[in-house]
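Below is one structure, written out as structure tokens; comments come after it.
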Amino acid sequence: MTDEVEPLAIEGAVAVVTGGASGIGRCIARALLGRGAAVVIADVEEPALAATVRELSSLGPVSGVRTDVTDEASTAALADSVWARHGRCDLLFLNAGVTSGGGGLPWQQEPNDWRWCLGVNSIGVGIGVSTFVPRMIEDGRPGQVVITSSKDGGIAPVPTASVYAASKAAVTCFTEALHHNLIAQGTALRASVFYPSGGLMDTGLYTAARNRPPELARTGPGTGRTGMTFDELRAVVAKATGKDAPVADLDAMAELVLDGVAARRFVIARDLDQSAELLHRRADAIARGDAPPLSGLLG
């Protein structure tokens, strides 16, 4: 089956960005406004959402809707607001994400770590797709669904982040299925999987527990890096590796994402040649019946 589609126009598009009040999501929203799109930012953290909308309002048409991506009614209310304000959604960035209990050994992860991490990272994506995509298909306009995964799981599991990596592996598999089905059904939509890359991410991911629901709290102690500031994380990595880790340029990464969206690429990431080498090593090990090699990806 061939997939021949025209490049996608970002100027004049209506875009929705979940997890858009901070980190990569905020940079994607800023980049979209810079390219002439109208942007609706969705985020569960209302003060940060209001501050981000104020910060970006001078760049173009931007609004915010508090949204819990794990809740069907909340996500439906987001979609209703988007269609009421703009009449359509052309670009859907399902970007909201959290860690789990913060690293540690697999058997140190509690059931609530699974419930919270997969609830946001995986089930939240499913809710977003089932809520938005049917409306987007019905509109019949060319569009793109961009799902933020991670090389930590999406390319190779990371033993020190087992639950988080599992959630991102699920997202990658789901995005591939979504993409092929959008083509098979003759829609004007396509999907992209986005792998943030280029160094440590100053995104607030490691302090995501600030938004963790009380009913999903851990009953035991933390297992790793959860709650660290970014500077504390950099210090831990430097001590472990003996050198300063590179820090990703989030604004440059956002521009990379939009370039990939405009070109309608399925995989949007840097250093894919390195990822391919790792995947070949994994495939060779699997063919021998061996456990694949450990991954040291920072994604």
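The values are calculated or read from the model by the stated rules, or taken from the named source; none is laboratory data. Please read these numbers as outputs of a predicted model, since none were measured by experiment. With ideal geometry, Cβ positions are generated from the backbone for all residues, glycine too; neighbour counts draw on all protein chains shown.
Going by the structure shown, is Asp273 at pLDDT below 95 and either among the acidic types (Asp, Glu) or under 26 Å from Ser22 (Cβ atoms) (or both)? The answer is yes for Asp273.
Determine, yes or no, whether Ala254 is of a type in the set (Gly, Ala, Ser), modelled with pLDDT of 95 or more and assigned to a helix (DSSP H, G or I). Yes: the conditions hold for Ala254. Annotation note: of Leu189, Leu205, the sole residue that is at pLDDT 85 or above, crowded, with 19+ Cβ neighbours inside 10 Å, within 20 Å of Val17 (Cβ to Cβ) and of a type outside the set (Lys, Arg) is Leu189. Just one of (1) among the polar types (S, T, N, Q); (2) buried (at least 24 other Cβ atoms within 10 Å of the Cβ); (3) under 20 Å from Thr160 (Cβ atoms) fails for Ser122. It is (2). Residues in the stretch 127-168 that are assigned to a helix (DSSP H, G or I), farther than 11 Å from Val193 by Cα, touching a residue at least 12 places away in the same chain (Cβ under 8 Å) and small (Gly, Ala, Ser): Gly128, Gly153, Ala161, Ser162, Ala165, Ala166, Ser167. Would you check which residues across the stretch 1-24 are touching a helix residue (DSSP H, G or I) at 6+ places or on another chain (Cβ under 9 Å), of a type outside the set (S, T, N, Q) and at pLDDT 95 or above and list them? Within the stretch 1-24, Leu8, Ala9, Ile10, Ala13, Val14, Ala15, Val16, Val17, Gly19, Gly20, Ala21, Ile24 meet the criteria.
Out of Glu110, Glu6, Glu72, Glu45, which single residue is over 22 Å from Ala217 (Cα atoms) and of a type in the set (Asp, Glu)? Full working, then the answer.
Details: Glu110 fails: over 22 Å from Ala217 (Cα atoms); Glu72 fails: over 22 Å from Ala217 (Cα atoms); Glu45 fails: over 22 Å from Ala217 (Cα atoms).
Within the list Glu110, Glu6, Glu72, Glu45, the selection yields Glu6.
The test for being crowded, with 19+ Cβ neighbours inside 10 Å, touching a residue at least 60 places away in the same chain (Cβ under 8 Å) and assigned to a helix (DSSP H, G or I) does not hold for Ser197. Scanning the stretch 75-107 for residues that are closer than 17 Å to Thr219 by Cβ and aliphatic (A, V, I, L, M) turns up just one, Leu105. Filtering Glu46, Glu55, Glu72 for residues that are under 21 Å from Phe132 (Cα atoms) and more than 15 Å from the chain's Cα centre (by Cα) leaves a single hit, Glu72.
Table: residues versus (1) surrounded by 17 or more Cβ atoms within 10 Å (Cβ to Cβ); (2) of a type outside the set (S, T, N, Q); (3) closer than 22 Å to Gly143 by Cα.
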{"position": "Leu32", "(1), (2), (3)": "yes, yes, yes"}
{"position": "Glu45", "(1), (2), (3)": "yes, yes, no"}
{"position": "Arg54", "(1), (2), (3)": "no, yes, no"}
{"position": "Ser58", "(1), (2), (3)": "no, no, no"}
{"position": "Val62", "(1), (2), (3)": "yes, yes, yes"}
{"position": "Ala73", "(1), (2), (3)": "no, yes, no"}
{"position": "Val82", "(1), (2), (3)": "yes, yes, yes"}
{"position": "Asp90", "(1), (2), (3)": "yes, yes, yes"}
{"position": "Ala96", "(1), (2), (3)": "yes, yes, yes"}
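Applying the condition of being buried (at least 22 other Cβ atoms within 10 Å of the Cβ) and in contact (Cβ under 8 Å) with a residue 60 or more places away in the chain to the stretch 1-21 and asking which residue is farthest from Gly97 (Cα to Cα) yields Ala13.
Only one residue in Arg54, Arg30, Arg85 is touching a residue at least 60 places away in the same chain (Cβ under 8 Å), of a type in the set (Lys, Arg) and more than 30 Å from Thr160 (Cβ to Cβ), so which one is that? Reasoning before the result, please.
Values: Arg54 fails: touching a residue at least 60 places away in the same chain (Cβ under 8 Å); Arg85 fails: touching a residue at least 60 places away in the same chain (Cβ under 8 Å).
After applying the criteria, what remains is Arg30.
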